[in-house]
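Rule-based calculations on the coordinates, nothing more; no lab input. None of the values given here were measured: they were computed from a predicted structure. Cβ atoms come from the backbone with ideal geometry, glycine included; neighbour counts cover every protein chain shown.
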Amino acid sequence: MTPGAAGLLTGPGTSLTWNIGSDISQVLAFHFMVNAVRAGTIIAVAAGVIGWFMILRRQSFAGHTLAVVAFPGASGAILLGLPAAAGYFGFCIAAALLIAAAPRSQADTGFSAESAVIGTVQAFALACGFLFVSLYKGFLDGITGLLFGSFLGITDSQVLTLLAAAAAALSVLAVTGRPLFFASTDPDVAAARGVPVRALSVVFLVLLGVAAAEVSQITGALLVFALLVMPAAAAQQLTARPALSLPLTVIIALAVTWLGLGVSYFSVYPVGFFVTTFGFAAYVLAVAARQAADRLGRRPRPAKIAVSA
């Protein structure tokens, strides 16, 4: 596996202690870790917000497929001598547009053409990824980083690219968020009120592709769900109120990312493993807290969400 910083850096100060301030100072002593924290913060905010809508819209399968597409995107770009980021964004956005072109379902049979397209794209993308890796001789050591992530080698230009992409995606979401929320909770009524449900679906899938491309550069292609799903799922276990669960999702995503980066710095294991582990722990704790509150009868019944155009 791709080692953490402790596996590459040797010295008397590189060790985890009980002094949190000292540990943070160690982590931020190197510029590559500062860039990792910057990139992780940007990604956590974008993934938290977009992941919250993904859970609300029940499009986790599409999100998982776009995450898988990041693998052949990066490996294909490297094979062609291009920056990996170009492959991440190019393939993920192209796959999002392909999924968006599929009809949602057929009412008479209940068959979902979208699910069939998503599954087909996922299988083909994964096969292409391994083909690109095979064609690029000597690339074996890079597979783990592409699949499971690494914070090593994040440059200033990559941080700026992530910031620009996240800012653009969140700006679009800020403009379309209200009608998108309406279309996600009650698409039939939203369509009757004149909301462009289909167009919003396409826009959101593109935003989801951008988020998957961003998150893949930290967690790796196979562990994108750590930030797209777990924080939002944990927050929605704790509260049904959108005004609370959305910011709570971002807070959980930031905590999971920062903890994952910090612990990975002192470990020989990839950052994606720790981000996923902390995200899973947050979800389990949220479920346990909800169940405990239910048993004690202290959890208030969620208020109905008033939706308007």
Seminar exercise, completed: Within the under-13-Å Cβ sphere about Trp52, not counting Trp52, Lys/Arg +1 and Asp/Glu -1 give a net charge of +3
Seminar exercise, completed: The FRET efficiency for Ser134 and Phe280, from their Cβ-Cβ distance with R0 = 30 Å and rounded to 0.05, is 0.40
Exercise. To the nearest 0.05, how large is the calculated FRET efficiency for Ala127 and Leu97 if R₀ is 25 Å and r is the Cβ-Cβ distance?
Worked result: 0.80
Exercise. How high is the relative contact order of segment 174-295, in percent, counting Cα pairs under 8 Å that sit 6 or more residues apart?
Worked result: 23 percent
Seminar exercise, completed: So, with points 7 Å from each Cα along the Cβ direction, the Thr120-Leu296 label distance in nm works out to 5.2 nm
Problem set entry | Rg and Dmax of segment 177-243, Cα atoms only, in Å | 14.4, 41
